Every structure is written in structure tokens, then in C-alpha cells.
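Shown next, in C-alpha cells, is the structure this report addresses.
The values are calculated or read from the model by the stated rules, or taken from the named source; none is laboratory data. Since we're looking at a predicted model, the values are computed, not measured. Because the Cβ atoms are built from the backbone with ideal geometry, glycine has one as well, and the counts that use them run over all protein chains shown. Note: areas computed on protein heavy atoms with side chains; ligands, DNA, RNA excluded. Shrake-Rupley method; radii C 1.70, N 1.55, O 1.52, S 1.80 Å.
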Amino acid sequence: MHFSIPETESRSGDSGGSAYVLRKEYGANVLPAFPPKKLFSLTPAEVEQRREQLEKYMQAVRQDPLLGSSETFNSFLRRAQQETQQVPTEEVSLEVLLSNGQKVLVNVLTSDQTEDVLEAVAAKLDLPDDLIGYFSLFLVREKEDGAFSFVRKLQEFELPYVSVTSLRSQEYKIVLRKSYWDSAYDDDVMENRVGLNLLYAQTVSDIERGWILVTKEQHRQLKSLQEKVSKKEFLRLAQTLRHYGYLRFDACVADFPEKDCPVVVSAGNSELSLQLRLPGQQLREGSFRVTRMRCWRVTSSVPLPSGSTSSPGRGRGEVRLELAFEYLMSKDRLQWVTITSPQAIMMSICLQSMVDELMVKKSGGSIRKESPDATRESMVKLSSKLSAVSLRGIGSPSTDASASDVHGNFAFEGIGDEDL
């Protein structure tokens, strides 16, 4: 990705000093254009506008693992979030939900970043330090039926308290959920009582929501194990079920198997799953392995009003996000598949994290907190290969995309034919 920081930002305040250091460290054309400051106090409307701009900025930069590992850059973003919302540093009580709806209240600082809050939650639950890396905090929107719509995974540079309170709605919550995709890691977590309980609660919740596909006989077996409180046996059976450990997105539209096809997308087990209902309520599923995706991209556009011939402008419509990936359908046939969804960025981040996990596992890395240096070193080495997402027009949407916006997924070539 190629971006730049405006000169106006680089010359003002503390953020300006950080911007200068970042440009010196990464080059002027690496970073997204940061939302410019104003000299005078912001009105409530301007605060909200800057919050939205900052959110888009963070959506863009979280695609780049190299930037994500920069403490200078993370510090720069943390200050920007706090300044934008005009939140003083003070101790507050923050509510974090478990997958089963249980509330965990932790005392944190408004300036605490995601890792600090995650560690506070782990301490409150008595989860060992070396298992913290197996879990993450997610920002979700609670819908009327009680189901969660995932907004994003909270990144290291985010301030969870600021992120959730800046949305000014009780619908938005922070949820603790496992952060890995390979169920083989379950064994590490299940060795610990608290880890076992967290996995169990998440799995029960996913089954109740219909995220995990269960037959009547499997449901009967699971119910029997629940009644016996046989949590490990319950999880062993659940691991064999379709969509175990997957993250499900809201209903959206895809151009596969045909144009404007209503689908439900789920991510997990190194794949994207597209489910659709055929006439007669028959369920059909298409699975797309991440190792067969040659490349992917996220694009944004503003649909023109019906009959309009003018260029897209502000207020003419909501931004439409699309995730498109080029997929190896057969040995000699590549085909583009496009998903139109407000959660397209979250989908692309899931794809990226699945690739990251595959590559780290192949390099002998670990997700245990006790070995962060080795894992981070593996990730930095891979960062030049894993810039698989181009976020076009996130600040000024467009209606087209060219070949230059596509970045290759080197895991497609690096993982090997045996995985295809």
C-alpha cells in the first residue's frame, strides 16, 4: 500500500513529532493520510466526523502487519484517539462480555490499550499469562434478537474504552473470544480450567446461535454431555462439527454462484464459507480455501442515485464495501469472487490472520504469550509477503478498481501444491 501523511499534521503538536519519526522510519509514501487537525475547538459534529475519519484510518493501517508491530506508530494512534474524543486519562470501569453473555467488569485507565485491557480481563478471570495470546477482544454490535454482529477485532494500538464509548450507543459491546483458527490449539487452552470454561462457553453459544452446523443426533449427544458436565468430551465432539470455531458475518450479497446472490459468510479453518438457500429451503455451501486465493482486495464505492450521471458526492449514498478474491477453481482456472458487505474489511482481516497463522505454524512459531519475540520476528519476516490487501478509496470512495490495486497473497505460492 502507498500512502502519505499531510504536511499540516506533521508540523503540529505531539502527533506531528510522531508523524515525522514515522515518515523517517517508513518513508513518506507508506502511511495512510492522517485526518488533519484543526486549530480551534471542534464542534460535536466535527468530533464525530473526525472519529469516523480516524476509524477509517485505523481500518486501513490494520491491514499492514509491519505498521502494526511499530511501537512508535501505535503510540501515535493511541494519542490521536484520546485527543479526538477529548478523553482525559483517568481510571474507569469497563464492561467486557464473555461469549455466553456473562459480564466481566475491570478497572482500567481510559488510556489503556487493548493488551492492557485483555490482561486485566485475564487477571479477573484467573486465566494464566501464557494463554492470553489465545484470546482477543472484539468490538460487536448487539442486535435486537441478542445476536452479535462483529465490527472488528480490537487492535494493539486501540484504546478499548475510547473505542466503545465514542460510538455513543448501548448496542456496542466488547466481547472476549478465542483469536486463533486452528482447533489443534484447543489442546493448549483446555489444559487449564479457565481456558476450558471459556472455550466451552463460546462453543455452547455458537451452537445456540446456529453458527455451528449440528444434526439432530449430534445435538442429542451434545445435550447429554452438557447434562453430565463433560466439557472436554463436549468440545471433542464439537471439534468434529462443520463450522466449529468459525466467525459468522451478517447476511450479505455475493456474485457466486450467480450475480446478486444472498449469502451468509463464515470464516474459519483456513477458509471462507458462503451459505445460500435454494428454492425449497435447501442449504447450499461453497467453501474457498485461503491457500487457493491468489490475491484479494477490499474496495469502497458510493452507489450513484438511480438515473444520476454525476460523480459520487457526499450525502448521495452510503459507502459500499466489497471484498474480492481471485480463486483457483481448478488447476488452470482462476476466477474472481466478490462479496459486498459492510463487514468486508473484517473479512479481509480474518483472511490475513488465517494466512499469518498458517505461515507462523509452518515456521515453527507459537501464539503463546511466553514467546512473543520469536512470533513477532517470524511475523516481521513475513510482513513483506503478507500485504495481501489493498484498501482503495477508504477516504474518498471511487467506483472502479484497477490492476494496480491488487496485491498478491504469497501464501498461495509458498504453502505448496499439497495444500491445494
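A compact table of results
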{"read-out": "Positive minus negative residues near ASN192 (Lys, Arg vs Asp, Glu; Cβ under 10 Å)", "value": "-3"}
{"read-out": "Listed residue pairs exceeding 32 Å between alpha carbons, taken from LYS259/LYS331; LYS124/LYS231; LYS228/LYS362", "value": "LYS228/LYS362"}
{"read-out": "Extended-chain gain in nm, criterion 0.36 nm per residue less alpha-carbon gap, LYS223 and ASP129", "value": "30.6 nm"}
{"read-out": "Gain on full stretching of the segment that runs from ARG79 to ARG168 - 0.36 nm per residue minus C-alpha separation", "value": "30.1 nm"}
{"read-out": "Rounded percent of accessible protein surface that carbon and sulfur make up, the range 74-174, 1.4 Å probe", "value": "42"}
{"read-out": "Length gained when the stretch ARG277-LEU334 is fully extended (0.36 nm per residue, less Cα-Cα span)", "value": "18.0 nm"}
{"read-out": "Solvent-accessible area per residue for the range 140-211 (1.4 angstrom probe, square angstrom)", "value": "40"}
